[in-house]
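The values are calculated or read from the model by the stated rules, or taken from the named source; none is laboratory data. Fair warning: this is a prediction, and the values are worked out from it, not measured in the lab. All Cβ positions, glycine included, derive from the backbone under ideal geometry; neighbour counts span all protein chains shown.
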């Protein structure tokens with residue numbers, strides 16, 4: 001087993017720090033331990049803050065009135081340079097901080113300004129580094145049953161003793177030799193830990209699997225493509241847009257055995273509805289990026305899945321981008337919220353897709369309620385067909401001019417919006433039940449896309465397209481922070497940002513919404529109006545998610561900075577500017593004029609407050 | 001490096017022969033020695049030199065240009081039209097290398113700027129690193145270049161990628177997609193088909 005842990009502080013501090021955790025850890029797997037813990041806003045017990053992925057905290061000591069007084073309380077360097085996605089957990093007096101490769105985990109003592117209680121640093125084969133498509137990111141750890149769970153870059157799933165950092169169990173979920181890697185944060189429901197896999201740029205066949213919290217035994221594994229048994233679907237009972245999906249729903253949409261190297265990876269966030277006992281997640285792009293090489297709808301890539309949390313069987317599916325031609329992965333988070341629509345309370349699932357459409361669905365049935373562009377620049381499709389009687393119901397109406405399939409191989413399809421980065425990538429949005437609005441970090445970037453023939457070799461990139469990206473026409477900004485009404489599919493307000501907003505948002509009962517920017521600013525804005533109330537420049541660009549917790553009666557806000565990720569790689573040298581002659585030079589000057597690498601955690605509080 | 005420093009047809013790299021990569025003008029077997037002595041060589045006395053010397057195109061075979069020493073090189077017409085290999089190099093670079101080495105050979109926080117590296121690296125240096133990989137892993141950095149020796153998407157286009165980066169290193173072409181390029185030569189298509197099979 002690759003891993004070690006150590007105590008860096010006196011045992012007395014360790015013991016005192018874990019008193020609160022001891023109480024929480026008594027709950028057995030199979031109980032509703034996490035359902036109870038997620039209701040205490042002092043803690044952040046899961047990477048999505050709560051099971052519904054709302055990223056809303058009911059802490060309200062920091063308000064729109066006093067947030068301007070925020071100051072840095074303490075900081076912590078992770079010692080790792082690469083892109084820092086995700087956010088720490090806080091359980092009682094302990095904060096758990098993760099890093100990109102080598103995937104170090106620190107337990108920090110909140111009673112002593114973040115002193116290190118233990119550190120876990122796995123030894124992983126560095127050959128995994130170049131098979132991580134978009135930087136060596138990791139989106140965080142999960143907690144249950146006195147253990148911390150981490151899915152490492154090399155697809156080792158490890159459970160650590162939350163008190164000591166010692167390895168309780170460790171298993172391998174896939175093969176990095178074929179390009180499979182772990183980047184997503186696990187989710188735990190009852191006695192199961194769910195993880196997915198990354199590797200859509202290497203032809204890795206996507207799956208979501210459930211492992212036993214107790215000992216790491218695999219309980220089920222559901223693939224994104226292939227035969228019905230592998231998909232864990234029931235041809236008669238698994239529904240799509242109100243109809244049973246039928247037999248061989250995936251196999252029929254691929255040529256030959258292409259589904260075996262067809263991607264549909266599952267590297268986003270997972271959510272859970274305890275009343276319905278359903279888990280929700282999305283699948284990524286079909287491999288390769290050259291659409292001509294894989295005829296058909298390529299099901300179920302680019303799909304929202306609703307599965308039974310116990311059995312894994314799919315209840316419903318909805319494919320957003322059939323036969324992807326632009327790398328619009330469907331993995332972004334599914335936010336579960338109950339809102340009034342047309343005088344009726346609906347159980348909604350809201351999803352801001354890479355493809356530029358924001359989808360509102362009934363999460364019980366998978367019925368499509370709203371699908372609207374959340375960036376007006378989106379041009380690859382005119383709309384999603386909402387006519388239930390139409391043969392193309394639920395499908396995007398693709399514009400031939402922007403279809404890389406239509407224009408073909410070795411042809412440069414120009415001016416496609418959004419770029420492959422998507423109108424939004426993995427950086428999760430937030431929802432405030434107080435305002436009824438969703439707060440969405442977005443990209444405002446377009447691209448030229450030239451697909452060409454590519455050959456598959458296991459463990460080698462399987463991309464098959466050349467892209468160039470640049471700001472959307474008519475401006476020189478590459479991001480927006482958008483407030484969205486999912487009931488109507490309309491933008492309430494939108495704040496332009498110079499660079500893509502690649503940081504997960506946080507909404508709070510204090511009426512403040514937080515997010516980070518690629519230059520490194522932590523920003524606080526008014527939840528109602530978007531007016532900026534506070535900003536602070538952290539040591540590096542922010543691609544992490546903002547979180548808040550309470551300790552010793554005081555509310556803190558924390559965020560990881562450390563630029564990188566796809567945004568960091570794409571932007572570090574500056575985007576190419578296809579329209580440089582039209583002015584606005586300098587508006588999108590290189591990001592490396594603003595910030596440099598380096599992982600650190602910055603924790604904020606209001607002095608005396 | 002020993003594993004690739006010969007031209008014996010190994011199954012993993014035998015497809016390279018389809019494009020004539022292992023011919024006499026590609027001194028793969030000499031790569032190790034060239035790399036060792038390169039830094040000792042004084043700069044050549046030409047106005048424009050890179051890691052392979054003077055990039056001026058001297059000979060051409062089926063639209064593929066070579067310098068006086070037989071190294072692949074670029075040919076840019078007065079109206080900006082680039083030869084096919086430079087163009088194909090741009091597209092393949094962007095698909096296979098850009099993720100780490102950044103757009104237009106400019107580098108990223110992940111891997112060095114190859115538009116600079118080609119000012120120092122010779123064709124054979126370049127070939128050796130691409131085929132066999134390179135690692136520099138320490139506590140402060142984790143640079144890992146994978147061995148691409150059996151990756152057809154790279155090795156079938158290695159000369160094109162080199163030509164493109166050489167042109168970038170010598171500032172012969174700017175950033176982004178070359179506006180105009182020579183048509184795809186028929187022999188290139190045939191060799192491509194054979195190599196990618």
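Note on segment A:239-276: residues that are in contact with a helix residue (DSSP H, G or I) (Cβ under 7 Å, 6 or more places away or on another chain), in contact (Cβ under 8 Å) with a residue 60 or more places away in the chain and on the phi > 0 side of the Ramachandran plot amount to 1.
Those strands (runs of 3 or more DSSP E) of segment A:303-369 in which at least 1 residues are touching a helix residue (DSSP H, G or I) at 6+ places or on another chain (Cβ under 8 Å), considering only elements entirely within it, cover A:314-319.
Considering the conditions (1) part of a helix (DSSP H, G or I); (2) more than 8 Å from chain A (Cβ to nearest Cβ), residue B:119 is excluded by exactly one of them, (1).
Considering A:330, A:356, A:394, the condition of being under 22 Å from the mean Cα position of the chain (by Cα), on the phi > 0 side of the Ramachandran plot and crowded, with 17+ Cβ neighbours inside 10 Å is satisfied by A:356 alone.
From the list A:298, A:285, A:277, which one is surrounded by fewer than 24 Cβ atoms within 10 Å (Cβ to Cβ) and touching a strand residue (DSSP E or B) at 6+ places or on another chain (Cβ under 8 Å)?
Values: A:298 fails: surrounded by fewer than 24 Cβ atoms within 10 Å (Cβ to Cβ); A:285 fails: surrounded by fewer than 24 Cβ atoms within 10 Å (Cβ to Cβ).
After applying the criteria, what remains is A:277.
Residue B:109 meets each of the listed conditions (1) more than 10 Å from chain A (Cβ to nearest Cβ); (2) in a loop (DSSP other than H, G, I, E, B); (3) over 24 Å from residue A:412 (Cα atoms); (4) without any contact (Cβ under 8 Å) to a residue 24 or more places away in the chain apart from (1).
Filter segment A:208-244 down to residues that are within 13 Å of residue A:313 (Cα to Cα) and touching a strand residue (DSSP E or B) at 6+ places or on another chain (Cβ under 9 Å), then give me how many there are.
Of segment A:208-244, the ones within 13 Å of residue A:313 (Cα to Cα) are A:208-210, A:219-224, A:228-239.
Next cut, touching a strand residue (DSSP E or B) at 6+ places or on another chain (Cβ under 9 Å) only: A:208-210, A:219-224, A:230-239.
Of the residues in segment A:208-244, 19 are within 13 Å of residue A:313 (Cα to Cα) and touching a strand residue (DSSP E or B) at 6+ places or on another chain (Cβ under 9 Å).
Every test in (1) surrounded by fewer than 24 Cβ atoms within 10 Å (Cβ to Cβ); (2) touching a helix residue (DSSP H, G or I) at 6+ places or on another chain (Cβ under 8 Å); (3) touching a residue at least 12 places away in the same chain (Cβ under 8 Å); (4) closer than 29 Å to residue A:457 by Cα is passed by residue B:99 save one, and that test is (3). For segment A:173-188, the set of residues classified as touching a strand residue (DSSP E or B) at 6+ places or on another chain (Cβ under 6 Å) and surrounded by fewer than 24 Cβ atoms within 10 Å (Cβ to Cβ) consists of A:173 only.
For every residue, the table says whether it meets (1) within 26 Å of residue B:113 (Cβ to Cβ); (2) modelled with pLDDT under 90; (3) in a strand (DSSP E or B).
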site	(1), (2), (3)
B:143	yes, yes, yes
B:148	yes, no, no
B:153	yes, no, no
B:159	yes, no, no
B:163	yes, no, no
B:166	yes, no, no
B:176	yes, yes, no
B:183	no, no, no
B:188	no, no, no
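Scanning for something within 14 Å of chain A (Cβ to nearest Cβ), in contact (Cβ under 8 Å) with a residue 12 or more places away in the chain and assigned to a helix (DSSP H, G or I), does segment B:131-141 turn up at least one residue?
yes
Could you pull out the residue among A:518, A:506 that is under 30 Å from residue A:75 (Cβ atoms) and within 14 Å of chain B (Cβ to nearest Cβ)? Full working, then the answer.
Working: A:506 fails: within 14 Å of chain B (Cβ to nearest Cβ).
Being under 30 Å from residue A:75 (Cβ atoms) and within 14 Å of chain B (Cβ to nearest Cβ) holds for just one of A:518, A:506, which is A:518.
Inspect segment A:107-122 for any residue being closer than 30 Å to residue A:273 by Cβ and within 14 Å of chain B (Cβ to nearest Cβ) and give the result as yes or no. Among the residues of segment A:107-122, not one is closer than 30 Å to residue A:273 by Cβ and within 14 Å of chain B (Cβ to nearest Cβ), which makes the answer no. Checked against the criterion of being more than 8 Å from chain A (Cβ to nearest Cβ), surrounded by fewer than 22 Cβ atoms within 10 Å (Cβ to Cβ) and assigned to a strand (DSSP E or B), segment B:71-78 contains one or more residues that satisfy it.
Residues that are within 14 Å of chain B (Cβ to nearest Cβ): find the strands (runs of 3 or more DSSP E) completely inside segment A:379-473 holding 2 or more of those.
Values: elements: A:381-384, A:396-398, A:413-416, A:430-432, A:437-443, A:445-451, A:465-471.
Correct list: A:413-416, A:445-451, A:465-471.
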